[in-house]
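The values are calculated or read from the model by the stated rules, or taken from the named source; none is laboratory data. In this text, all values refer to a predicted model and were calculated from it rather than measured experimentally. Remember, those area values only see protein heavy atoms, side chains included, never the ligands or the DNA or RNA. Shrake-Rupley method; radii C 1.70, N 1.55, O 1.52, S 1.80 Å.
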Amino acid sequence: MSDEVLAALTAAGIAATVSDSFGPQAYDVPAEAWVAAHEVLRDEVGVTFFDFLTASDELNDGFRVVTHLADFWGGSHVDHLMVRTLIPRATPQLASLADVYAGANWHERETAEMFGITFDGHPNLIPLLLPDGFEGHPLRKEFVLASRVAKPWPGAKEPGESDHAPAAKGRRPRPPPYPPTRRTGS
């Protein structure tokens, strides 16, 4: 399927590259060809199942937005692929896939809320998971977790060295086996 996907994308004028990743093949496309690449994959290649969309914070490189798509051939045969693009950190914007794959709607809302990426053309890009008034984007690497500010991370020190935990005194007793064993005989 790898050759067919790359051939379809390049025939459509999309400068795509393929790379091996852990799992399915990953196709990197330019951000400006994001929607066009997914339309080609859906219409020309037949990859009709949208599984998910997410992003990763690549720090100075920007944000890598990733979709996972699949095609079911019947039985247990399934072809998987990932489509990736890199968008700049200064202007985290990307065209919406909600008109190409209906399932992208929810995932784009979540990604917008957690990473601060704007999906242009999304029909309803409103907060989905975080409470009203929440400030920031928790999956960005520069986001400081409030619990780390209010209370030191206990795992940062060895047992017994923390200011707020009692010192460890040997091994903790193991719980009894379950179900409790009964002794039989005399």
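Once the 1.4 Å probe is applied to the protein heavy atoms, the stretch 1-75 comes out at 50 Å² accessible per residue. Backbone amide hydrogens, once placed in the peptide plane, bring residue 46 within less than 5 Å of nothing, excluding anything fewer than 5 places away on its chain. Computed from phi, the 3J(HN,Hα) profile of the stretch 79-89 under the Karplus parametrisation 6.51, -1.76, 1.60 (θ = phi - 60°) reads 9, 10, 7, 10, 10, 10, 8, 10, 10, x, 5 Hz, with x in place of Gly and Pro.
Backbone amide hydrogens, once placed in the peptide plane, bring residue 21 within less than 5 Å of 26, excluding anything fewer than 5 places away on its chain.
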